[in-house]
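The values are calculated or read from the model by the stated rules, or taken from the named source; none is laboratory data. Please read these numbers as outputs of a predicted model, since none were measured by experiment. Every residue, glycine as well, gets a Cβ built from its backbone with ideal geometry; the counts of neighbours run over all protein chains shown. Surface areas here come from the heavy atoms of the whole protein model, side chains and all, with no ligands, DNA or RNA. Shrake-Rupley method; radii C 1.70, N 1.55, O 1.52, S 1.80 Å.
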Amino acid sequence: QVQLVESGGGLVQAGGSLRLSCAASGSIVSTGAMGWYRQAPGKQRELVARIFRSGGTAYADSVRGRFTISRDNAKNTVYLQMNSLKPEDTAVYYCNVNLLGSGTNYWGQGTQVTVSS
(Lines give C-alpha, C1' and ligand atoms only; values in the text may rest on other atoms or scores of the structure.)
Protein backbone atom coordinates (compact mmCIF):
# COMPACT_ATOMS: atom_id res chain seq x y z
CA GLN A 1 0.00 0.00 0.00
CA VAL A 2 1.19 3.50 -0.89
CA GLN A 3 0.03 6.76 0.63
CA LEU A 4 0.49 10.25 -0.77
CA VAL A 5 0.27 13.19 1.60
CA GLU A 6 -0.03 16.65 0.09
CA SER A 7 0.51 19.96 1.81
CA GLY A 8 1.00 23.63 1.03
CA GLY A 9 -2.28 24.74 -0.48
CA GLY A 10 -4.15 27.82 0.67
CA LEU A 11 -5.45 31.26 -0.17
CA VAL A 12 -3.16 33.81 -1.78
CA GLN A 13 -3.55 37.09 -3.62
CA ALA A 14 -2.83 37.37 -7.31
CA GLY A 15 0.88 37.72 -7.89
CA GLY A 16 1.71 35.71 -4.79
CA SER A 17 3.44 32.38 -4.36
CA LEU A 18 2.73 28.99 -2.87
CA ARG A 19 4.76 25.79 -2.61
CA LEU A 20 3.05 22.41 -2.73
CA SER A 21 4.62 19.22 -1.41
CA CYS A 22 3.62 15.59 -1.88
CA ALA A 23 5.33 12.84 0.07
CA ALA A 24 4.88 9.20 -0.88
CA SER A 25 5.25 6.47 1.73
CA GLY A 26 4.56 2.76 2.09
CA SER A 27 5.55 -0.13 -0.16
CA ILE A 28 7.82 1.83 -2.48
CA VAL A 29 10.88 0.38 -4.18
CA SER A 30 11.41 3.30 -6.49
CA THR A 31 9.33 6.09 -7.91
CA GLY A 32 9.10 6.86 -11.60
CA ALA A 33 7.39 9.92 -13.01
CA MET A 34 5.79 12.28 -10.50
CA GLY A 35 3.43 15.07 -11.35
CA TRP A 36 0.85 17.63 -10.40
CA TYR A 37 -2.62 17.91 -11.88
CA ARG A 38 -5.41 20.35 -11.12
CA GLN A 39 -9.15 20.46 -11.44
CA ALA A 40 -11.20 23.65 -11.34
CA PRO A 41 -14.97 23.58 -10.75
CA GLY A 42 -16.82 22.42 -13.84
CA LYS A 43 -13.61 21.54 -15.68
CA GLN A 44 -11.69 18.36 -16.39
CA ARG A 45 -8.56 17.47 -14.49
CA GLU A 46 -5.51 18.71 -16.37
CA LEU A 47 -1.78 18.15 -16.18
CA VAL A 48 0.14 21.05 -14.63
CA ALA A 49 3.68 19.69 -14.53
CA ARG A 50 5.50 16.40 -14.58
CA ILE A 51 9.01 15.34 -13.63
CA PHE A 52 10.73 12.11 -14.54
CA ARG A 53 13.20 10.24 -12.38
CA SER A 54 15.99 11.50 -14.62
CA GLY A 55 14.98 15.07 -13.80
CA GLY A 56 13.39 15.85 -17.14
CA THR A 57 10.31 18.03 -16.85
CA ALA A 58 7.19 18.97 -18.79
CA TYR A 59 4.80 21.85 -18.14
CA ALA A 60 1.39 23.00 -19.30
CA ASP A 61 1.67 26.09 -21.47
CA SER A 62 -0.44 28.04 -19.00
CA VAL A 63 2.10 27.66 -16.17
CA ARG A 64 5.44 27.49 -17.98
CA GLY A 65 7.77 30.16 -16.65
CA ARG A 66 5.74 30.63 -13.45
CA PHE A 67 5.72 27.16 -11.89
CA THR A 68 8.68 24.91 -11.15
CA ILE A 69 8.44 21.21 -10.36
CA SER A 70 11.20 19.41 -8.49
CA ARG A 71 11.71 16.15 -6.62
CA ASP A 72 13.76 14.53 -3.90
CA ASN A 73 14.19 10.88 -4.80
CA ALA A 74 15.61 9.96 -1.39
CA LYS A 75 12.44 11.27 0.26
CA ASN A 76 10.00 10.16 -2.48
CA THR A 77 8.72 13.71 -2.48
CA VAL A 78 7.65 16.02 -5.29
CA TYR A 79 7.30 19.78 -5.02
CA LEU A 80 5.56 22.47 -7.03
CA GLN A 81 6.75 26.04 -6.60
CA MET A 82 4.05 28.36 -7.90
CA ASN A 83 4.94 32.00 -8.51
CA SER A 84 3.04 34.90 -10.07
CA LEU A 85 -0.22 33.17 -9.28
CA LYS A 86 -3.33 34.19 -11.18
CA PRO A 87 -7.02 33.78 -10.30
CA GLU A 88 -7.30 31.22 -13.10
CA ASP A 89 -4.85 29.01 -11.20
CA THR A 90 -7.57 28.44 -8.61
CA ALA A 91 -8.27 24.69 -8.42
CA VAL A 92 -7.79 21.56 -6.39
CA TYR A 93 -4.26 20.33 -7.02
CA TYR A 94 -3.53 16.59 -7.01
CA CYS A 95 -0.16 14.88 -7.02
CA ASN A 96 0.37 11.71 -9.00
CA VAL A 97 3.14 9.18 -8.55
CA ASN A 98 4.02 6.28 -10.80
CA LEU A 99 5.92 3.40 -9.25
CA LEU A 100 8.75 1.75 -11.14
CA GLY A 101 8.34 -1.97 -11.56
CA SER A 102 4.58 -2.27 -11.06
CA GLY A 103 3.78 0.83 -13.11
CA THR A 104 0.92 1.57 -10.72
CA ASN A 105 -0.30 5.16 -10.47
CA TYR A 106 -1.28 6.70 -7.15
CA TRP A 107 -3.13 9.94 -6.48
CA GLY A 108 -3.03 12.31 -3.54
CA GLN A 109 -6.18 13.49 -1.80
CA GLY A 110 -5.96 16.96 -3.31
CA THR A 111 -5.16 20.35 -1.85
CA GLN A 112 -7.12 23.53 -2.55
CA VAL A 113 -5.35 26.52 -4.06
CA THR A 114 -7.37 29.72 -4.23
CA VAL A 115 -6.01 32.88 -5.83
CA SER A 116 -7.95 36.07 -5.18
CA SER A 117 -7.90 39.03 -7.55
From the C-alpha gyration tensor of the chain, pull out the three semi-axes of the equivalent ellipsoid (sqrt of 5λ each), sorted largest to smallest, in whole Å.
24, 14, 12
With a 1.4 Å probe and all protein chains left in place, how much of the accessible area of the chain comes from carbon and sulfur atoms, in whole percent?
48 percent
Dipole in debye (nearest 20) - the chain, about Cα centre, beta carbon charges: Lys, Arg +1; Asp, Glu -1:
120 debye
Size of charge dipole - segment 25-78 - debye, nearest 20, with Cβ of Lys, Arg +1 and Asp, Glu -1, no other charges:
60 debye
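How big, on average over all directions, is the shadow cast by the Cα convex hull of segment 1-47, in nm²?
That works out to 4.7 nm².
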Just to confirm my numbers, what's the Cα centroid distance between segment 96-113 and segment 32-80 in Å?
11 Å
In the chain, if the dipole is taken from +1 on Lys/Arg beta carbons and -1 on Asp/Glu beta carbons about the Cα centre, which of Phe52, Trp107, Ser117 is farthest to the positive end?
Phe52
